[in-house]
Amino acid sequence: MENIVLNTKEVASYLSCSVASIRRFVKNKKLPFFKVGSKLYFNLTDVEKWSVENGKR
């Protein structure tokens, strides 16, 4: 299975919310993410699991 990685704008679109909301989730360590340098990235599988567990989709 291929590992799909999304940036902040893509995950906001996927979850139908704002980039500011995604940054707030990250700041509060609510949404799983990883950094490469100063950029945030999100594993699609982790985002899907998180969204189901938190009723976001």
Show the residue pairs that are 6+ apart or on different chains and have beta-carbon atoms under 6 Å apart, the first residue being within region 33-57 and closer than 12 Å to Ala12 by Cα, the second being at pLDDT 95 or above and exposed (fewer than 12 other Cβ atoms within 10 Å of the Cβ).
Tyr41/Phe34
Selection from region 20-30 of residues of a type outside the set (Gly, Ala, Ser) and surrounded by 14 or more Cβ atoms within 10 Å (Cβ to Cβ) yields Ile22, Arg23, Phe25, Val26
Filter region 31-52 for residues that are surrounded by fewer than 13 Cβ atoms within 10 Å (Cβ to Cβ) and in contact with a Phe, Trp or Tyr (Cβ under 9 Å, 6 or more places away or on another chain) and give the result.
Phe34, Lys35
Turns out the strands (runs of 3 or more DSSP E) fully within the chain with at least 1 residues that are in contact with a Lys or Arg (Cβ under 8 Å, 6 or more places away or on another chain) are 5-7, 39-43
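The values are calculated or read from the model by the stated rules, or taken from the named source; none is laboratory data. Computed from a prediction, not measured in an experiment: that's the story for all the values here. Note: ideal-geometry Cβ built from the backbone for every residue, glycine included; neighbour counts use all protein chains shown.
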